[in-house]
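The values are calculated or read from the model by the stated rules, or taken from the named source; none is laboratory data. As the structure is a computational prediction, the values presented were derived from the model and not from experiment. As a convention, Cβ positions derive from the backbone with ideal geometry for all residues, glycine included, and neighbour counts pool all protein chains shown.
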Amino acid sequence: MKYYDIALPVRLPKLFGYKSSEEIIKGCRVLVSFGNSFHTGIVWQETKTVDSTLQYKGILEVVDEQPKIAAQLLDLADWISKYYHCSLGQALSAMLPSAFNIQLQQQVRLLEKKQIPESDGIPEMIFNELSSLNWQNITDVKTNLNTKSSRLNYWLEYLEINQIIEIKRVYDAKIKKKVANFVVRNKIVELPKLTERQADAWQIILTKEASFPLKDIIHETTRPVLKALEKKGMIRIEPQELNETYFVLPSSRQEKIVNLSEEQKTAVSSIIDSVEKHEFNTFLLHGITGSGKTEVYIRAIKKCRDLGRSALMLVPEISLTPQMVERFFNAFGENIAILHSHLNDRQRWEQWNKIKSGECKIVIGARSAIFAPLENIGTIIVDEEHETTYKQDKTPRYNGRDIAVVRARMSNAVVVLGSATPSLESWLNNINGKYELLTLTHRPLSYNLPTVKIVDMRNEVDHKQLLSKTLRAKIEEKLEAKEQIILLQNRRGHSSFVQCISCGKLFSCPHCDISLNFHSHQQELLCHYCGHKINMPRKCPECGSYMFSFGAAGTQQIEKILQIMFPGARILRMDSDSARKKDSYDSMFERMKSGNVDILLGTQMIAKGLDFANVTLVGVISADISLNVPDFRAAEKTFQLLTQVAGRSGRGEKPGEVIIQTYNPDHYSITTATKQHYETFAAKELILRKALKYPPDFKIARFVFAHKTEKILKEQTAKAIPILGNLRNTYPPKQLLILGPVPAPMVKLQNNFRYHIIIKADSYKLISHVVSMLNEHLKLSSSVKTSIDIDPYNLM
Ligand code: ADP
Ligand code: ZN
Ligand code: ZN
């Protein structure tokens, strides 16, 4: 017998011992029973010391002959589990496509009836259900028996081990091919006589590929017509595998040759130097919006390709547009793999295997693409490295950008972190000499940055007006000139709350501790957190009054105002309400590009990536929305948003203008953003963060505890007080600060009450120690849900 330590996707932070007669290699998948269910586990290592007092269960199936996961990714899993304080199994399941998990269909049959000693009657019941001739689905047997499943599982396992029954396990790895009917054209020697409708259909068929999905033609003709063509031997209709393409790639590549600017050349040659030396190095590429960062990435990846090495590029999900894909397709052709969240399990699995086999050596994708099974990586690029979407919001709460640096170190690869507004974490690493700075200060082809004007809303005569006189006049001017306008209002819906004017009733979510937003299009009140909605009441349910006051304006309200103010203008609203459908972003893009929109109005969704030469005005309706959020990163987020959205203006030959409306015209995040003075902003912000003991100088970790009953939650979390007291006594406040346990700012979410503990320390080492101490000593009832967040972005 051999003994193995297996990583299982469960919370318990340890490995589990199982035995097998087979020799299994580290990194292979196995199937084991655990508790009352089955899990796909990863063989971590051979057990070093077998505990003779333990009863080891047998491994049910060895799924892979060769390791599915390379040693480097196992090392990365190990790093993640230690850094983020999660189990190895949790780390691995975040890294691997979900099709990795074996889905079981089990069948069972009887081998030989036997007397069972100490039977409780269940084995006999099982015998009665089974036959020795036919395989039966285990789930059917279980349903028929209708007995406590743990008992049933116990006896099934017992009967199998004693060779009384036989169990057959069939894998269904979520990766079945999709099949659909195809029309296949036959070789025709002589054209038979056709009716008019058949001839029409034949003409259409001739314009298509030799074989194409039936659904592509069914709307242009009818089934009987196609059947008739089939009878006459002209086509066949047969099932074929559907080869879904993820993006429609253009049919031919058009490589765009650009002459790099001096700044771009310097950046590229620094990166290439490091790649050639095969050394780990991290560059921070700080380039203003539209300065040609992507061009630098493309050159770096080309170098890797020429050296036979692979390359990985992370982009925020929203930037993964067809235009972006087309640009990389033009540069690299078909051997790029695109990993985005719209892939289904099978597609993701296919891409994964293509990468693993070496067919695709260039990977572009959102956050989890950082775990792509590439070998011999030359460079890892993280575009818009400051984006919070790189942070995963469930366990393990990793940051893809930080993993990029760790993985590059393991691969001796070069990291390029690119942004117009670097995160302060990365900026501090640059100041401390950990990262090497590369800068792009100009836009190529001497297109200038737009001119920016701040409008102080306190000076507006009519405070209820959401659009200042200045902005209104500018919009009119641009409409006249047939130039395009982008307006940002970073709040969706019509207004942020609804309140009864006479009795003061505020409509709030019954499941969460927040007010409901009014959505005028649907005439609904909607919880932006859990999605709970009610119809907008006609009168107050408390006092019967018909008069309501409405909170701060969202995009729907602005849209209405614009429609009234500029009746002729073609207005397009873009927010997560209007962008429900998968292709709405693309169709928005097309409409803007073809000039069918005069005013594009939207939330932060429109602040990034858009590159339209005819946009000459960007207006920010209220710069204060992100500033007023109670979050230590509020100023940073405001600076980023304003800089990004301002960068949408003046990207062509016509000069661009930006108008920012605010009640805080002197706030440093706004004044520096208008001049795109990142360094001034960062210097000021770093001082403030340091004074308040916030990242990047200090490290943070957060425990969140959740329970249905606040009283129990309060009692349970109070158990942390003495543990935290000890820690506070051991480390002085200049090293360690602990807040809590206290109610979280959003104390109730989705019917759960939430308390949290926030730990601030001057080193990661100390943070990690404190988290370990709490994990070890804090023993809470299992009904309390606990989650750990290292380097959290969300403190609400
Ligand atoms: P960023 O990624 O910094 O926003 P891009 O790489 O997308 O910038 O460049 C913005 C635009 O400028 C793109 O249309 C790109 O093709 C073009 N561009 C970039 N570098 C050059 C160059 N050296 N010469 C001419 N055009 C360039
Ligand atoms: Zn009322
Ligand atoms: Zn809610």
If you go through segment 494-517, how many residues are away from ligand 2 (no atom under 11 Å from the Cβ) and either among the charged types (D, E, K, R) or in contact with an Asp or Glu (Cβ under 7 Å, 6 or more places away or on another chain) (or both)?
1
Out of all the residues in segment 518-531, is one or more within 16 Å of ligand 2 (Cβ to nearest atom), more than 30 Å from Glu385 (Cα to Cα) and free of Cβ contacts under 8 Å to residues at least 60 places away in the same chain?
yes
Whichever residue in segment 535-549 is outside any loop (DSSP other than H, G, I, E, B) and at pLDDT 90 or above and, among such residues, is farthest from ligand 3 (Cβ to nearest atom)
Phe548
Please pick out the residue among Thr662, Thr643, Thr616, Thr603 that is more than 26 Å from Leu320 (Cα to Cα) and β-branched (Val, Ile, Thr).
Thr662
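Kindly check whether there is at least one residue in segment 466-481 that is in a helix (DSSP H, G or I), of a type in the set (Ser, Thr, Tyr), touching a residue at least 40 places away in the same chain (Cβ under 8 Å) and more than 30 Å from Ile257 (Cα to Cα). Spell out the reasoning first.
Here is the first cut: in segment 466-481, the residues in a helix (DSSP H, G or I) are 469-480.
Filter once more, so that each one left must be of a type in the set (Ser, Thr, Tyr): 470.
If we keep only those that are touching a residue at least 40 places away in the same chain (Cβ under 8 Å) as well, we get 470.
Now drop any that are not more than 30 Å from Ile257 (Cα to Cα), which leaves 470.
Checked segment 466-481: at least one residue is in a helix (DSSP H, G or I), of a type in the set (Ser, Thr, Tyr), touching a residue at least 40 places away in the same chain (Cβ under 8 Å) and more than 30 Å from Ile257 (Cα to Cα).
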Criterion: assigned to a loop (DSSP other than H, G, I, E, B), surrounded by 16 or more Cβ atoms within 10 Å (Cβ to Cβ) and out of contact with any strand residue (DSSP E or B) (no Cβ under 7 Å at 6 or more places or on another chain) - qualifying residue of His511, His528, His521
His511
Looking at segment 538-556, I want the residues that are within 16 Å of ligand 1 (Cβ to nearest atom) and have a partner that is at pLDDT 90 or above and of a type outside the set (Gly, Ala, Ser) with Cβ atoms under 7 Å, at least 6 apart or on another chain. Which pairs are those?
none
How about segment 113-126: which of its residues are buried (at least 18 other Cβ atoms within 10 Å of the Cβ) and farther than 12 Å from Leu156 by Cβ?
Ile116
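Specify which of the listed residues (Gly418, Gly378) is within 19 Å of the chain's Cα centre (by Cα) and not in a loop (DSSP other than H, G, I, E, B). Write out each step before concluding.
Values: Gly378 fails: within 19 Å of the chain's Cα centre (by Cα).
Selected residue: Gly418, the only one of Gly418, Gly378 that is within 19 Å of the chain's Cα centre (by Cα) and not in a loop (DSSP other than H, G, I, E, B).
Report, by residue number, each residue of segment 120-154 that is assigned to a loop (DSSP other than H, G, I, E, B) and farther than 22 Å from Lys57 by Cβ.
To start, the set of residues in segment 120-154 that are assigned to a loop (DSSP other than H, G, I, E, B) comprises 120-121, 130-135, 146-148.
Result: Gly121, Leu130, Ser131, Ser132, Leu133, Asn134, Trp135, Asn146.
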With criteria (1) under 32 Å from the mean Cα position of the chain (by Cα); (2) in a strand (DSSP E or B), Leu12 comes up short on (2)
Within segment 582-600, is there a residue that is assigned to a strand (DSSP E or B), touching a helix residue (DSSP H, G or I) at 6+ places or on another chain (Cβ under 8 Å) and surrounded by 18 or more Cβ atoms within 10 Å (Cβ to Cβ)?
yes
So, in segment 675-693, exactly how many residues are in a helix (DSSP H, G or I), in contact (Cβ under 8 Å) with a residue 24 or more places away in the chain and basic (Lys, Arg)?
1
Restricting the search to segment 431-447, which residues are within 13 Å of ligand 1 (Cβ to nearest atom), out of contact with any strand residue (DSSP E or B) (no Cβ under 6 Å at 6 or more places or on another chain) and at negative phi?
Thr441, His442, Arg443, Pro444, Tyr447
Going through segment 272-309 one residue at a time, which ones are within 16 Å of ligand 1 (Cβ to nearest atom), in contact with a Ser or Thr (Cβ under 7 Å, 6 or more places away or on another chain) and in a helix (DSSP H, G or I)?
Ala300, Ile301
Does Lys48 satisfy the criteria of being surrounded by fewer than 20 Cβ atoms within 10 Å (Cβ to Cβ), of a type outside the set (Ser, Thr, Tyr) and outside any loop (DSSP other than H, G, I, E, B)?
no
Taking the condition of being β-branched (Val, Ile, Thr), in a helix (DSSP H, G or I) and under 28 Å from Phe612 (Cα atoms), how many residues in segment 310-364 meet it?
2
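On the given criteria, is Leu487 within 34 Å of the chain's Cα centre (by Cα), under 30 Å from Phe589 (Cβ atoms) and either away from ligand 1 (no atom under 16 Å from the Cβ) or of a type outside the set (Val, Ile, Thr) (or both)?
Numbers: within 34 Å of the chain's Cα centre (by Cα): yes; under 30 Å from Phe589 (Cβ atoms): yes; either away from ligand 1 (no atom under 16 Å from the Cβ) or of a type outside the set (Val, Ile, Thr) (or both): yes.
Spelling it out, Leu487 is indeed within 34 Å of the chain's Cα centre (by Cα), under 30 Å from Phe589 (Cβ atoms) and either away from ligand 1 (no atom under 16 Å from the Cβ) or of a type outside the set (Val, Ile, Thr) (or both).
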How about segment 63-101: which of its residues are surrounded by fewer than 17 Cβ atoms within 10 Å (Cβ to Cβ) and closer than 25 Å to Arg346 by Cβ?
Asp64, Glu65, Gln66, Ala70, Ser98
From the list Ala683, Ala691, Ala744, Ala718, which residue is of a type outside the set (Ser, Thr, Tyr), crowded, with 17+ Cβ neighbours inside 10 Å and out of contact with any Gly (no Cβ under 7 Å at 6 or more places or on another chain)?
Ala744
Among the residues in segment 781-796, are any closer than 30 Å to Cys509 by Cα, free of Cβ contacts under 8 Å to residues at least 40 places away in the same chain and more than 16 Å from ligand 1 (Cβ to nearest atom)?
yes
